[in-house]
1. How many nm separate the modelled label positions at ILE212 and ILE26, each set 7 Å beyond the Cα in the direction of the Cβ?
2. May I ask you to rank ARG123, ARG208 by accessible area, largest first, using a 1.4 Å probe over the protein chains only?
3. How much length is gained on full extension from VAL312 to THR186, taking 0.36 nm per residue of separation minus their Cα-Cα distance?
4. What are the extents of the Cα atoms of the range 155-240 along their three principal axes, listed from largest to smallest and rounded to whole Å?
5. Just read off the accessible area of ASP293 with the full protein assembly in place, 1.4 Å probe, to the nearest 10 Å².
6. Accessible area, 1.4 Å probe, largest first: how do PHE343, PHE324 sort?
7. Quick one: helix 257-270 against the long Cα principal axis of the chain, what's the angle to the nearest 10°, folded into 0 to 90?
8. Considering only C-alpha atoms, what is the centroid distance from the range 242-281 to the range 162-199, in Å?
Amino acid sequence: MARTGHNLRTSYLESNEVLRRPYQKILVLLILLLALFLPVGSSKFFIHLLNLCFLAAIGALGLMILTGYCGQISLGHAAFLAIGAYTTAILTIHLEVPFIVVLPAAAISGAIMGFVVGLPSLRFRGIYLAISTLAMHYAIIFLATTYQSNFTRSASAGLTIPDPSIGPFVLKGEVNWYYFLLIFLTLVTLACANWMRTRLGRAWMAIRDRDIAAEALGINLARYKLLAFVVSSTLASISGSLMAYYSNVVTVEAFTLDLAVVYIAMIIVGGMGSILGALMGAAFITLLPYGIDAVFEFLPRPWRFGSTVFGVQVGAVGLFIILFLLFEPKGLAELWRRVETYFERWPFRYRPLETVRR
């Protein structure tokens, strides 16, 4: 069917396009080219921050699928990250399994746990489902603490993991990790974007909007809810495994409930129900503490105490959640859409239709 207008979608194929306009394809190409040459002339610390953003984005995409697209509330995302990290520690330290086997094993362990944790979603919803995932979080963290206390000097001591290797190539250094994570995140993002255009993604969105109506339309709620938990926990476990390899250490203190709240902040600030929102929210929340540190460097010395900076960092996350919920519930993705729309319509400006009261 021929196109009847620039913004009018006249077929299912047009509505299913990801990059509908030519300039969007050019923009994505320019971003990828910039990303490829970005390490040239950049400091190691800056590349390190980008690597942290990439790692957070993989986990944020998993939570976005579960909560943003399927509408299932979860407070146990940090536990899924811990599953991937401790699966990596066990296989690497005790069995000396190579990286190309450990990463799929971490994904499988996360998928199994996601299936188990997703079973309560068949009966619970809302706050009750959130409480069930929170209980799972504490159960998994207890097991991780027990394991760590038995195989280290104390429960607070971390487990050291060597650098991974793919054949003769050792994945070490910020630049090597940067290119690996960039490629990996690109593939994960493409997979998530394509899932949302398939029957699977449309079923998740129907369940999110109204599960009773979705069931009346013939959607198997049990099947698709469990699939959402499985996919989300798989991506989170992969992210946890890569975090363990990147930092070379695994400690239970890194997977607290605060981390789960941070990931919830990522999808809220980025924009619920948006792949781009997950990426933008992960980058924003990850870089926020470092931006606050940079601001404090210009303040008088008495303001630079660690407790003060930490308190401001924690408070800033909560503050931005409240601000976005109040003033822009659709998050950074909506702000980007508005900017994009403005330049599309420039120099014209369209106003919404006004209703006339009689």
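1. That separation, rounded to one decimal, is 5.0 nm.
2. Numbers: ARG123 200, ARG208 85 Å².
The most accessible residue leads, giving ARG123, ARG208.
3. Working: separation 126, 0.36 × 126 = 45.36 nm, distance 3.27 nm.
Net length gain for the segment: 42.1 nm.
4. Its Cα atoms span 53, 35, 20 Å along the three principal axes.
5. It works out to around 60 Å².
6. Numbers: PHE343 145, PHE324 25 Å².
Descending order: PHE343, PHE324.
7. 20 degrees
8. Centre-to-centre distance over Cα atoms comes out at 16 Å.
The values are calculated or read from the model by the stated rules, or taken from the named source; none is laboratory data. As the structure is a computational prediction, the values presented were derived from the model and not from experiment. Note that each Cβ is placed from the backbone with ideal geometry, even for glycine, and that neighbours are counted across all protein chains shown. Just the protein is used for accessible areas: all its heavy atoms, side chains included, with ligands, DNA and RNA removed. Shrake-Rupley method; radii C 1.70, N 1.55, O 1.52, S 1.80 Å.
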